[in-house]
Ligand SMILES: Nc1ncnc2c1ncn2[C@@H]1O[C@H](COP(=O)(O)OP(=O)(O)OP(=O)(O)O)[C@@H](O)[C@H]1O
């Protein structure tokens with residue numbers, strides 16, 4: 001479980017997060033929603049220890065984040081960032097294998113058979129097994145996104161923190177990814193935190209949502225009770241029409257055109 005309590009973050013002399021509290025629970029997917037610049041990425045980077053915070057507290061499975069060594073953090077949390085970039089070229093298999101470093105001993109650790117099995121399973125789960133020998137730089141944006149997800153899965157974390165994981169993916173792959181995450185949640189009892197711009201995907205797949213505006217929490221809780229036309233209009237500043245998708249009866253929203 002990930003818990004933040006009254007978290008405040010300043011960056012470049014500005015207050016970016018203002019007393020944010022939330023809990024992401026085991027076996028549930030928490031969606032973080034909010035307009036551009038509302039503080040979503042800052043929140044994710046703070047709870048994973050990439051950004052410092054000026055007030056409040058963060059606990060991972062009941063332990064203060066600050067007391068976890070970098071390797072222990074990596075064993076507990078895998079992060080898929082919005083700004084993953086490739087600075088050197090490696091075969092796809094090696095890029096996924098980077099996820100195993102948190103579990104290896106020593107500076108020049110050698111991958112064993114178990115590591116190889118885990119790497120191949122993560123590649124299979126993300127549909128990239130046939131790309132193992134391909135050069136990372138030659139992949140499309142959506143293919144690279146699946147490599148980063150495979151690397152995160154290979155890390156075998158307790159929590160997966162994903163910044164816009166559906167970015168670059170076509171519609172069918174967006175649905176496939178969210179369904180895959182839903183299955184992983186149940187089978188591995190993971191905690192998943194996911195920044196999403198697509199409120200309809202969030203409504204279909206997230207158990208809980210946290211809505212941010214200007215660095216403050218507007219509301220949070222069980223997705224189907226929290227997501228309403230009124231609250232989304234407040235968050236995004238545009239008009240919405242609300243309807244229900246016919247299979248699960250989950251809420252869906254479309255923007256109302258103004259011209
Ligand atoms: N180093 C920094 N110095 C000053 N302001 C910063 C810094 N980093 C981020 N910000 C500001 O903090 C605010 C929140 O940024 P953040 O990236 O967390 O938003 P976001 O909700 O993830 O946005 P998006 O949906 O556009 O990805 C933005 O206004 C951004 O310009």
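The values are calculated or read from the model by the stated rules, or taken from the named source; none is laboratory data. Keep in mind the model is a prediction, meaning the values are calculated, not measured. When we count neighbours, we look across all protein chains shown, and the Cβ atoms used for this are built from the backbone with ideal geometry, even at glycine.
Restricting attention to the stretch 71-89, does a residue exist that is part of a strand (DSSP E or B) and surrounded by fewer than 18 Cβ atoms within 10 Å (Cβ to Cβ)?
No, there is no match, as no residue in the stretch 71-89 is part of a strand (DSSP E or B) and surrounded by fewer than 18 Cβ atoms within 10 Å (Cβ to Cβ).
What tally of residues in the stretch 180-192 results from selecting those that are buried (at least 17 other Cβ atoms within 10 Å of the Cβ) and assigned to a loop (DSSP other than H, G, I, E, B)?
Looking only at that region, the number is 1.
Conditions first: (1) more than 22 Å from residue 128 (Cβ to Cβ); (2) under 13 Å from the mean Cα position of the chain (by Cα). Residue 246 passes all but one, so which condition is the exception?
Every listed condition holds for residue 246 apart from (2).
Has the stretch 170-179 got at least one residue that is under 19 Å from the mean Cα position of the chain (by Cα) and in a loop (DSSP other than H, G, I, E, B)?
Checked against the condition, which is being under 19 Å from the mean Cα position of the chain (by Cα) and in a loop (DSSP other than H, G, I, E, B), the stretch 170-179 yields at least one hit.
Can you tell me how many residues within the stretch 195-214 are within 16 Å of the ligand (Cβ to nearest atom) and buried (at least 22 other Cβ atoms within 10 Å of the Cβ)?
Just the residues of the stretch 195-214 that are within 16 Å of the ligand (Cβ to nearest atom), to begin with: 195-199, 201-202, 209-214.
Retained after the next criterion (residues that are buried (at least 22 other Cβ atoms within 10 Å of the Cβ)): 195-196, 199, 202, 209-212.
Selection size over the stretch 195-214: 8.
I need the strands (runs of 3 or more DSSP E) fully contained in the stretch 1-66, keeping only those with at least 2 residues that are out of contact with any helix residue (DSSP H, G or I) (no Cβ under 8 Å at 6 or more places or on another chain), more than 16 Å from the ligand (Cβ to nearest atom) and closer than 17 Å to residue 222 by Cα.
Counting at least 2 such residues, we get 14-24.
Which of the residues that make up the stretch 156-171 are more than 16 Å from the ligand (Cβ to nearest atom) and surrounded by fewer than 24 Cβ atoms within 10 Å (Cβ to Cβ)?
Scanning the stretch 156-171 gives 156, 157, 158, 159, 169, 170, 171.
How do the pairs read when you match residues in the stretch 219-236 that are under 15 Å from residue 200 (Cβ atoms) with residues anywhere that are modelled with pLDDT of 95 or more and assigned to a helix (DSSP H, G or I), using Cβ under 7 Å and keeping only pairs 6 or more apart or on different chains?
From residues that are under 15 Å from residue 200 (Cβ atoms), the pairs are 223/202; 223/203; 227/199; 227/203; 232/199.
The rows are residues; the columns are (1) at pLDDT 90 or above; (2) under 24 Å from residue 248 (Cα atoms); (3) assigned by TED's automatic domain parsing to the domain that holds residue 205.
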{"site": "133", "(1), (2), (3)": "yes, no, no"}
{"site": "140", "(1), (2), (3)": "no, no, no"}
{"site": "145", "(1), (2), (3)": "no, no, no"}
{"site": "148", "(1), (2), (3)": "yes, no, no"}
{"site": "152", "(1), (2), (3)": "yes, no, no"}
{"site": "173", "(1), (2), (3)": "no, yes, no"}
{"site": "176", "(1), (2), (3)": "no, yes, no"}
{"site": "180", "(1), (2), (3)": "no, yes, no"}
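Count, please, the residues in the stretch 100-121 that happen to be within 23 Å of the chain's Cα centre (by Cα) and modelled with pLDDT of 85 or more. So that I can check it myself, show each step before the final result.
The first filter runs over the stretch 100-121 and keeps only residues within 23 Å of the chain's Cα centre (by Cα), leaving 100-103, 118-121.
Imposing the further condition that a residue be modelled with pLDDT of 85 or more reduces the set to 100, 118-121.
Qualifying residue count for the region: 5.
Residue pairs, Cβ under 8 Å, 6 or more apart or interchain, first in the stretch 36-52 and at positive phi, second assigned to a loop (DSSP other than H, G, I, E, B) and within 8 Å of the ligand (Cβ to nearest atom). List them.
So the pair list comes out as 39/215.
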